[in-house]
Every structure is written in C-alpha cells, then in structure tokens.
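Notes to accompany the following structure.
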Amino acid sequence: MTLIIHILMKKILLMLVLFMQLIGASAQCYDASETKFNGDRYAGFGGTAEVGYVFGDYKSVEVMGSVGYRFNRVVYAGAGLGYNFNQEIGTFPVFGHLRLSVPSSKVAQPFADLKAGVCIEDGLSGASGVCGSVSAGVRLDFCTLAIGYSGQALVGGGIEGFTLRLGFVF
C-alpha cells in the first residue's frame, strides 16, 4: 500500500512541476499584434487558478488549477489538478476542464464551466472515486466569480453541495 501512495505522490509532484512550467511558457507566447478580445487573445495557451467553498453536509474548501488551450473567444479546454479538504477528509481531484464563454464587449463576460475527473483520497486508505463540478459565473478582466454544484463520489461515501469560487485567468 505504501508503494502505491509513494508512486501516487511522485505523479502528483510531477504534474505540479509541469503545471508550473506551463505557467511560464504561456506568459512568453504573447504577441501584441494578434487580434484581441476584451484585453485577451482569441486563441492560445492559458490556464485558471481557483479557490472555492462548498456548502453542504460536509463543508469543504477547494483549491484548483488547470492549464489548457483557448481555441477561440468562446471555448477553453484543459486539464487540472486540485485539493479539496474538510475536517474529515482530503482529496486530490484530477480533471478535464471545459469552459464556454459568452462573447461580450462589456467589462463582464459570462461563462459556464464543467470539470469532470477522478479523485484520490489523501488518507492511508487511498480510496478513489469520481468527481465533477458544474458552475456559471462572470469574468471581470482576469478575475472570475462563479457559483455552481460540486460533487465527489468516493468509496464509502461522498461530498456534494453548492460551491462559490473566486479565480484568476492567465
């Protein structure tokens, strides 16, 4: 069992290192001559970082980040890693991330968000399960505010509830 946890922690550490490398790479690929929309490029690599609070039977805090590709001003797809924790359990969600934005020339740009993937418990049991989140929110320049529903179905139980998230887009 400890070998599995050791391998899992190596993979998580590797993903975090790659995530940090992609943050630096996305900052270097900006071209001022590209067509812009709302202060941002239509297409290119980017990412999100979010902090949220889940209101439910098990109130929990979630910290998530994703890196991906913005295909145009509407569609963003990526992959992410996070950590959800409450007083009883902590989980590492590894998820796919899809964001659909409503094109708007206004300061506020509405969006819908979908995250789906697997979660691994950080305890000794190493229980795993599936997790997902659906939310809607608004992007103000490089900040986001969203409300939605988040759930995790783990072996022996689950966590679910409404969530409020504050994030950044880069």
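The values are calculated or read from the model by the stated rules, or taken from the named source; none is laboratory data. Since the model is a prediction, treat every value here as computed from it, not as a measurement. Please note: Cβ atoms are built from the backbone with ideal geometry, for glycine as well, and neighbour counts cover all protein chains shown. These area figures cover heavy atoms from the full protein model, side chains too; ligands, DNA and RNA do not enter into them. Shrake-Rupley method; radii C 1.70, N 1.55, O 1.52, S 1.80 Å.
The condition of being crowded, with 20+ Cβ neighbours inside 10 Å, basic (Lys, Arg) and free of Cβ contacts under 8 Å to residues at least 40 places away in the same chain holds for only one of ARG165, ARG70, that being ARG70. Residues in segment 150-162 that are in contact with a Phe, Trp or Tyr (Cβ under 6 Å, 6 or more places away or on another chain) and at negative phi were compared, and the one that is surrounded by the most Cβ atoms within 10 Å (Cβ to Cβ) is ILE159.
If I ask for residues that are open to solvent by 50 Å² or more (accessible area, probe 1.4 Å) and over 18 Å from HIS97 (Cα atoms), which ones from segment 107-148 would you list? Correct list: VAL107, ASP122, LEU124, SER125, SER128, LEU140, ASP141. Look at segment 54-67: where a residue is over 16 Å from LEU81 (Cα atoms) and a partner is loosely packed, with under 13 Cβ neighbours inside 10 Å, sitting 6+ places away or on another chain with Cβ atoms under 7 Å, you get TYR58/GLU88. If you check LEU98 against the conditions, is it free of Cβ contacts under 8 Å to residues at least 24 places away in the same chain and either in contact with a helix residue (DSSP H, G or I) (Cβ under 9 Å, 6 or more places away or on another chain) or of a type in the set (A, V, I, L, M) (or both)? In short, yes. Set side by side, the residues GLY90, GLY132, GLY156, GLY123 differ, and just one is out of contact with any His (no Cβ under 8 Å at 6 or more places or on another chain) and modelled with pLDDT of 90 or more, which is GLY132. Of everything in segment 73-106 that's aromatic (Phe, Trp, Tyr) and open to solvent by 20 Å² or more (accessible area, probe 1.4 Å), which residue is nearest to VAL51 (Cα to Cα)? The residue in question is TYR83. Apart from one condition, GLU62 fits all of (1) acidic (Asp, Glu); (2) modelled with pLDDT under 80; (3) part of a strand (DSSP E or B); the exception is (2). Take ASP57 and decide whether it is open to solvent by 70 Å² or more (accessible area, probe 1.4 Å), touching a Gly at 6+ places or on another chain (Cβ under 9 Å) and of a type in the set (D, E, K, R). So ASP57 passes the test.
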